[in-house]
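**Q** Mind having a look at this structure? Questions to follow.
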Amino acid sequence: MFRIIIAEFKHETNTFSSQRTDFAAYRRSLYAVGDDLVSILTGTATEVGGMLDVLQDEPDVSLIPVVAANAIPAGPVAADVFADVHGKLVGAIRAHAPVDGILLCLHGAMVTENSEDGEGDLLEAVRQAAGDGTWVMATLDLHANITQKMSRFANVLINYDYYPHADMVDRGREVAQFMLQTLRGEIHPVMVCKSVPIILPPLSTNEAVLRPFVDQMHAYEADPGVLTVSIAHGFLCADIHELGMTVVAVTDQDPEHATRIADELAARLWQDRHRLKPENMSFEEALDEAEKSAEGPVILADLTDNPGGGSPGDGTHILRAMIRRKVKNAAVALICDPESVASCVKAGVGQTVKLRLGGHIYPDLLGQPIECEAYVRMVSDGRYRNRGPMSGGVVVDLQKSAVVLIGGIEVIVTAQVTQPYDVEIFYAHGIDPVQKHLLLLKSTNHFKAAFGPIARRVLNVSVPGLLAQDPRSVDYQNCRRPIYPLDEM
C-alpha cells in the first residue's frame, strides 16, 4: 500500500501590494484541513480535484489529505500562516512515516514576510522531513518564478500549459498519474529546469507569439521517454532575485534528453524576447472602438486592476470614463467596496443611494472614489458556483454584494474581491452578459476561457494600476541583473 500525502498551499504574491495576506485572507478563499480538503475539492476543476480523480479509488493507495490553503493574490503571506501550513505538512509527514509520495499543489510565486522563496522553503522542509527516498511532485501555476531550491527539492514540477489556466484539473491528473507510475516502478522521472533571464508581461498562450511554444512543448511530449514539458512565465510583480522564466523538462531516466529539450526551448524564448510584448490600448481608445462595434458584447479587460494579480479590484479609471460618456447597456464586474455594499444593504432594493464608489485602497494610482447616485437593483449574499472551464464547481463567496445602476451601467459591487473570470458572476447577480453591449471585467486573460465564446470583441485596456503590463515601468529593487527587458541583452 502506497502512502501518498496530498496538500495545497497557494499564493501569487504581488510584492508591490501593501495588503498583507493573513489567515483571514485564506479563510475567505480556501482553508481546509484533513478530510474537509477531500469533501470540498472532489469533483472540482482544480489541481487537487484532478489528483483526487486519479487516486481516490486506487486499491494500492492510502491517501493522506493534510491541508488546502489558497488566497486571493495580494501582498506577502503572513509568517504565522506559513508556519501553520508548514507545521501541518511536516507534522503529517513525520506522523505517517514512512511516506512513499507527496503531492503538492503550489503556485510558485509565493513571497512571505520572512522569505522571498516561500515554495522553496516549503519544499526544503518537506524533503528534510520525508528523506531522499520519498517522491515529491508538485503542480505549479504558469506564472511561477521557479527557484533553485524549488527545482532541487522536488522530483517533478509541472506548470499549467495555458493562460487562461483552463487545464488545472488536467495537470492535477497528470502529476497524480506520474506518482502512481513511479511508485509502481513503471517510470523513473528525472527533471531539468533551465532559467531564462526574461521578465515576461502577462501574455496569453493564445497569442501568436506564444502559441508555437505550447505546440512545441506538446511535440516534445509525444517523443518516447518524454513525460512532460512546460514553461513557467514567471510573475512580473514579484520583485525577487530569481524572477524570470523557466523551462521544465521531465523525462524517463534520460537527463541528457531533458537537458537538450530545456536548452532548445530556452534558446527559442531568448531569440524571440523582443516580440514578447502585449498589444494594449488606453481607455479612451477602447471606448471609441466599443462605440463603433455594431454588435456586443464587447469586453473591456481592465488589465492593471486585476485581483488575480494582487490588485484590490476597486480601481475607477475606466468606470469613471464610462459614466462620463453616458455608456448604455453595460455591466461591470466588479468594484470591491465593502462600504458601498453596506450602504446599499441599508438603503434597500429599489432605493437610490449616494455612494463614494471604489478608489479607497490606492486612490492616487487606481483612481479616486466616484461620487455618484446609484439605484440599488439587487442585494445578494454574494455566493455562487463557477460554471467553468476554469475552477468549475468551486464556490465563490463575495461575503455580500449588490448590483447598482448608474445611468445605463449595471455595476456589481462586492465586499470581497475575486477575479471575474467566470460568467456565473453575472448570472448570479441577475445580469445576462450575452445581452449586454459592453462588459468591463477586472481580469487580464483568465476571463477569455469563459467569456471568449460569447464576446464579439475583446479590447485590452491599460490604465495606471498595481498589475504592471510593462516590466520597464516597474521599480525593481531585488531582481537579478542583467535581465530583459530592463537591460538590453
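**Q** Would you be able to say whether some residue in the stretch 342-361 is within 30 Å of His218 (Cα to Cα) and out of contact with any helix residue (DSSP H, G or I) (no Cβ under 7 Å at 6 or more places or on another chain)?
**A** First, pick out the residues of the stretch 342-361 that are within 30 Å of His218 (Cα to Cα): none.
The answer is no; no qualifying residue exists.
**Q** Further question: Kindly list, by first and then second residue, each pair from a residue in the stretch 309-323 that is farther than 12 Å from Val411 by Cβ and in contact (Cβ under 8 Å) with a residue 60 or more places away in the chain to a residue that is assigned to a helix (DSSP H, G or I) and among the hydrophobic types (A, V, I, L, M, F, W, C), limited to pairs with Cβ atoms under 6 Å and residues at least 6 apart or on different chains.
**A** What qualifies is Gly315/Leu366.
One line per residue, one yes/no per condition, for (1) more than 19 Å from Pro202 (Cα to Cα); (2) buried (at least 16 other Cβ atoms within 10 Å of the Cβ); (3) at pLDDT 95 or above:
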residue: Glu256; (1), (2), (3): yes, no, yes
residue: Ala266; (1), (2), (3): no, yes, yes
residue: Asn280; (1), (2), (3): no, yes, no
residue: Leu287; (1), (2), (3): yes, yes, yes
residue: Arg320; (1), (2), (3): yes, yes, yes
residue: Val327; (1), (2), (3): yes, yes, yes
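**Q** Looking at (1) crowded, with 23+ Cβ neighbours inside 10 Å; (2) assigned to a strand (DSSP E or B); (3) of a type outside the set (Phe, Trp, Tyr), which one does Leu243 not meet, given that it meets all the others?
**A** (2)
**Q** Could you figure out which of (1) surrounded by fewer than 24 Cβ atoms within 10 Å (Cβ to Cβ); (2) farther than 30 Å from Asp141 by Cα; (3) not charged (D, E, K, R) isn't true of Val341?
**A** (1)
**Q** Looking at the stretch 389-489, what strands (runs of 3 or more DSSP E) fall wholly within it and have at least 3 residues that are within 22 Å of the chain's Cα centre (by Cα)?
**A** It comes to 395-397, 409-414, 438-441, 457-461.
**Q** Being within 20 Å of Ala25 (Cβ to Cβ) and polar (S, T, N, Q) narrows it down to one of Gln469, Gln419, Gln477, so name that one.
**A** On the way: Gln469 fails: within 20 Å of Ala25 (Cβ to Cβ); Gln477 fails: within 20 Å of Ala25 (Cβ to Cβ).
Of Gln469, Gln419, Gln477, the one residue that is within 20 Å of Ala25 (Cβ to Cβ) and polar (S, T, N, Q) is Gln419.
**Q** Then there's this: Restrict the check to the stretch 272-283 and report whether at least one residue is assigned to a strand (DSSP E or B), of a type in the set (Asp, Glu) and more than 19 Å from the chain's Cα centre (by Cα).
**A** Scanning the stretch 272-283 turns up no residue that is assigned to a strand (DSSP E or B), of a type in the set (Asp, Glu) and more than 19 Å from the chain's Cα centre (by Cα).
**Q** Tell me whether the stretch 451-467 contains one or more residues that are in contact with a Cys (Cβ under 9 Å, 6 or more places away or on another chain), modelled with pLDDT of 95 or more and not assigned by TED's automatic domain parsing to the domain that holds Tyr26. Please lay out each step first, then the result.
**A** Step one: of the stretch 451-467, the residues in contact with a Cys (Cβ under 9 Å, 6 or more places away or on another chain) are 466-467.
Subset that is modelled with pLDDT of 95 or more: none.
There is no residue in the stretch 451-467 that is in contact with a Cys (Cβ under 9 Å, 6 or more places away or on another chain), modelled with pLDDT of 95 or more and not assigned by TED's automatic domain parsing to the domain that holds Tyr26.
**Q** In the stretch 324-351, which residues are more than 10 Å from Ser401 (Cα to Cα), touching a strand residue (DSSP E or B) at 6+ places or on another chain (Cβ under 6 Å) and assigned to a helix (DSSP H, G or I)?
**A** Ser343, Ala347 - these are the residues of the stretch 324-351 that are more than 10 Å from Ser401 (Cα to Cα), touching a strand residue (DSSP E or B) at 6+ places or on another chain (Cβ under 6 Å) and assigned to a helix (DSSP H, G or I).
**Q** Let me ask something else about it. I'd like to verify a number: residues in the stretch 357-388 that are touching a residue at least 24 places away in the same chain (Cβ under 8 Å) and assigned to a loop (DSSP other than H, G, I, E, B), how many?
**A** Final tally of qualifying residues: 12.
**Q** Anything in the stretch 9-44 that is of a type in the set (Gly, Ala, Ser) and surrounded by 22 or more Cβ atoms within 10 Å (Cβ to Cβ)? List them, or say none.
**A** Start the filter on the stretch 9-44 by keeping residues that are of a type in the set (Gly, Ala, Ser), which leaves 17-18, 24-25, 29, 32, 34, 39, 43.
The one that is of a type in the set (Gly, Ala, Ser) and surrounded by 22 or more Cβ atoms within 10 Å (Cβ to Cβ): Ala25.
**Q** Of the conditions (1) closer than 25 Å to Leu366 by Cα; (2) outside the structural domain of Leu357 (by TED's automatic domain parsing); (3) assigned to a helix (DSSP H, G or I), Glu289 clears all except one; give me its number.
**A** The single condition Glu289 does not satisfy is (2).
**Q** Looking only at residues in the stretch 311-356 that are of a type in the set (Gly, Ala, Ser) and within 18 Å of Val298 (Cβ to Cβ), which one is nearest to the chain's Cα centre (by Cα)? I'd like the intermediate steps shown before the answer.
**A** Kept after step one, since they are of a type in the set (Gly, Ala, Ser), are these residues of the stretch 311-356: 311, 313, 315, 321, 330-331, 333, 340, 342-343, 347-348, 350.
Cutting the leftovers down to within 18 Å of Val298 (Cβ to Cβ) gives us 321, 330-331, 333.
On the way: Ala321: 28, Ala330: 26, Ala331: 23, Ala333: 17 Å.
Among those that are of a type in the set (Gly, Ala, Ser) and within 18 Å of Val298 (Cβ to Cβ), it is Ala333.
**Q** Another one. Spot the failing condition for Ala97; the list is (1) crowded, with 17+ Cβ neighbours inside 10 Å; (2) among the small types (Gly, Ala, Ser); (3) more than 16 Å from the chain's Cα centre (by Cα), and only one is missed.
**A** (1)
**Q** Of the conditions (1) under 22 Å from the mean Cα position of the chain (by Cα); (2) touching a residue at least 40 places away in the same chain (Cβ under 8 Å), Gly120 clears all except one; give me its number.
**A** (2)
**Q** Same structure, new question: Restricting to the stretch 221-233, count the residues that are surrounded by fewer than 21 Cβ atoms within 10 Å (Cβ to Cβ) and touching a helix residue (DSSP H, G or I) at 6+ places or on another chain (Cβ under 7 Å).
**A** We begin by selecting, within the stretch 221-233, every residue surrounded by fewer than 21 Cβ atoms within 10 Å (Cβ to Cβ); these are 221-226.
Applying the additional criterion that residues be touching a helix residue (DSSP H, G or I) at 6+ places or on another chain (Cβ under 7 Å) yields 225-226.
So the answer is 2.
**Q** Follow-up. If Asp475 passes every condition in (1) surrounded by 21 or more Cβ atoms within 10 Å (Cβ to Cβ); (2) not assigned by TED's automatic domain parsing to the domain that holds Val395; (3) not polar (S, T, N, Q) but one, which one does it miss?
**A** Asp475 satisfies every listed condition except (1).
**Q** Same structure again: Which one of the conditions (1) crowded, with 17+ Cβ neighbours inside 10 Å; (2) touching a helix residue (DSSP H, G or I) at 6+ places or on another chain (Cβ under 7 Å); (3) not polar (S, T, N, Q) does Arg377 fail to meet, given that it meets all the rest?
**A** (2)
The values are calculated or read from the model by the stated rules, or taken from the named source; none is laboratory data. None of these values were measured; they are calculated from a predicted model. Using ideal geometry, Cβ is built from the backbone for each residue, glycine included, and neighbour counts are taken over all protein chains shown.
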